[in-house]
Amino acid sequence: MAKKKVIVIGGGFGGVFAAKELERHGRDQFDVELINANNYFVFQPLLPEVAASTIHSADAVTPLRLLLQRIEVRQAEVMGIDFDKRAVTVVQGFRRIPIDLPYDELVIALGMSVDLKRFPGLTEHALTMKNLADAHRLRTHIISCLEAADVTTDKAVKQQLLTFVVAGAGFTGVETVSEVNELIRRALKYYHNIKQDEIRVYLVEYANRILPTFPADLADYATKRMQMRGIDVKTGVGTKAATYSAVELTDGAVIPTRTIVATIGNSPNPLIASLGLDMHWGRIKTDRYMRVPGHDHVWALGDAADIPLVDHPGEDPTHYAPQTAQFAVREGRQLAKNIIAQADGKPLMPFAYTSRGSLASLGMSKAVAEVYGFKLSGTLAWLLWRGFYLSFLPGFATKLRVAVSWMLNAIVPPNIVLIESQQPGSRYIHYRKGDKVLEPGMLIDGFYTVVKGALKLTIDNPKTGEHFEKVFGPGQHFGERVLLKSALRTGLVVALEDSIVLWISQKDFTRLARAFPVLDTYFKDYIESTFGGPDKGFAPGSAEAIEELENVI
Ligand SMILES: Cc1cc2nc3c(=O)[nH]c(=O)nc-3n(C[C@H](O)[C@H](O)[C@H](O)COP(=O)(O)OP(=O)(O)OC[C@H]3O[C@@H](n4cnc5c(N)ncnc54)[C@H](O)[C@@H]3O)c2cc1C
């Protein structure tokens, strides 16, 4: 008899453990294929350690092909699902042509996304902590801040660079702030111009306490421990908005900073949100067997699914499976068993699991733990934390690499090598009223268009005593001189009100303008008429006009 096709979409804890169980017990009945955007599985609890340089980024991940050697693994992005045709649409490889993959049983394990849109400026200026790239970016960013702070002569800029804010105090936020704090403080031995007391690290939590899934006394211990390590823990206050150089809190306080890490804003995966499924708290509603009601042969689990733990769960959050790796693993195993049971005509088992407890690392050999109802804090909890995650890590090689990194990290200073990461070619930048956007003497780095608000350019020519002012509103632009060549800015640009600007790098802007003659001509005419036209005494395009252009913004 032909085997049935099971497609698992999502290669996180839920998807991998469901696929593993099917690989083990359902191979005779099913062809199993797992589809994931990356070709690796991310051990998310270790991401804060990647950000803190404690372990190498490659050690927090394991190739899916290594984990799942007897089933098909496809690195592809899922673009859509046609429930009527029972097909998943994916794009893959270099050609990126959508293809349909038919299924008999579909398992949705796509996790959650982050959406920070309700906090103005946070999408553009906050770093997130969801995947490997995020952790790597955070590490690079922190070290870049230390490098810049060590050499700047501007006190205000130095303060911004040495202030680090983590928003959200669930275990992701607490572990991230603790690990990052240790990286910064231990790295200071290399930065001779930065003193310990110049470092400011904040943990900001809207609720009245941190670590909501832990008992209050353990949360208190964690708070005191973080405070002792120099972290300012602010509860009862959330983030309201952010700009490139500050974060505004809900109590009106403004913290000047170049680093905001958002561990808040969990939102439905955009693909899932587009499927028209019944959702509850941003997650796919399932029954107790993890089937998606109204869609035969469709199952969901992990962070993406709202799985009831009792028959009539209502609106009590404790009646649903929490979004943790611990639950996702058990859900995966149970879901696979249910798929096999359904094919065999046997009764399905409802998902039931009671948490064995929670662990959160606080850095510097301290942690909090609640295991089987026993509460632990300090070094013993930390040893338990390390032992537990080491045993849980997939693959002997990964376990060995992580154990060696942990041992090395205890005796050698942190690795502060800056590995170049790709800079975006364009981005939106938020400014608060009064912020300096550009200053005289800065190297021209790109092209700026005002999207919202107003900016004022002021040029004072010390040679001639001339004074020039111009206000830029939405749709107006400056910096187009990058089309001619790199030069130093002579003008000061200040935000007259809270503003948003689209910045395009010199390289990308030049490519765009050169590829579209209409744009190239427009900008060249604009430059000549604004800065070097006949009214300034130069013929447009003349050598004098160009020279003049190079001395003004
Ligand atoms: C920093 C951090 C620390 C954590 N620490 C702990 C902890 O200590 N203990 C604990 O129990 N839990 C912890 N968690 C939570 C835990 O990691 C999650 O609950 C768990 O990963 C959920 O598993 P999942 O399979 O549902 O989703 P995920 O692990 O998020 O996996 C979803 C997968 O789907 C893929 N995907 C998404 N969209 C697409 C698409 N369109 N096409 C193809 N692939 C796609 C993603 O790339 C990803 O691989 C932590 C989470 C984070 C972020």
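Annotations
- The range 363-430 versus the range 153-217: alpha-carbon centroid distance in Å: 16 Å
- Available extension along the chain between A341 and E72 is 94.7 nm, counting 0.36 nm per residue and deducting the alpha carbon span.
- Each label was represented as a point 7 Å from its Cα along the Cα-to-Cβ direction; for A397 and R65 these points are 1.2 nm apart.
- Full-stretch length increase - D150, V451 - with 0.36 nm per residue and alpha-carbon distance subtracted: 105.0 nm
- Between the Cα long axis of helix 517-527 and the first principal axis of the chain there is an angle of about 40°, rounded to the nearest 10.
- Cα-projected label distance for V412 with E439, points at 7 Å along beta-carbon direction, nm: 3.8 nm
- For S245, S144, the ranking by accessible surface with the largest value first comes to S144, S245, using a 1.4 Å probe.
- Pair-distance distribution P(r) for the chain, from all Cα-Cα distances in 10 Å bins starting at 0: 3, 15, 23, 22, 18, 11, 5, 2, 0, 0 percent.
- Linear extension gain, D296 paired with K463, 0.36 nm per residue minus alpha-carbon span: 52.3 nm
- Using a simple spin-label model with pseudo-atoms 7 Å out from Cα toward Cβ, D104 and I419 lie 4.2 nm apart.
- Surface composition of the range 273-384: carbon and sulfur make up 55 percent of the accessible area, probe 1.4 Å.
- Sorting K189, K130 by solvent-accessible area of protein heavy atoms yields K189, K130, largest first, with a 1.4 Å probe.
- Solvent-accessible area per residue in the chain equals 47 Å², computed with a 1.4 angstrom probe and all protein chains kept.
- Environment charge at R139 (Cβ cut-off 12 Å; Lys +1, Arg +1, Asp -1, Glu -1): -2
- Legend: calculated FRET efficiency, H25 to D82, from the Cβ-Cβ distance at R0 = 25 Å, rounded to 0.05, equals 0.30.
- Solvent-accessible ranking of M349, M1, largest area first, probe 1.4 Å: M1, M349
- Relative contact order [Cα under 8 Å, 6+ residues apart], the range 246-299, whole percent: 16 percent
- Neighbourhood charge, 15 Å Cβ-Cβ cut-off, centred on S274 and excluding it, Lys, Arg +1 and Asp, Glu -1: -3
- Its relative contact order, with pairs defined as Cα atoms under 8 Å and 6+ residues apart, puts the range 389-479 at 20 percent.
- Relative to the longest principal axis of the Cα atoms of the chain, the long axis of helix 171-187 makes an angle of roughly 50 degrees.
- Accessible carbon and sulfur surface of the range 1-132 relative to its total accessible area, %, 1.4 Å: 48 percent
The values are calculated or read from the model by the stated rules, or taken from the named source; none is laboratory data. Since this is a predicted model, take the numbers as computed values, not measurements. Cβ sites come from the backbone with ideal geometry, for glycine too, and all protein chains shown count toward neighbours. These area figures cover heavy atoms from the full protein model, side chains too; ligands, DNA and RNA do not enter into them. Shrake-Rupley method; radii C 1.70, N 1.55, O 1.52, S 1.80 Å.
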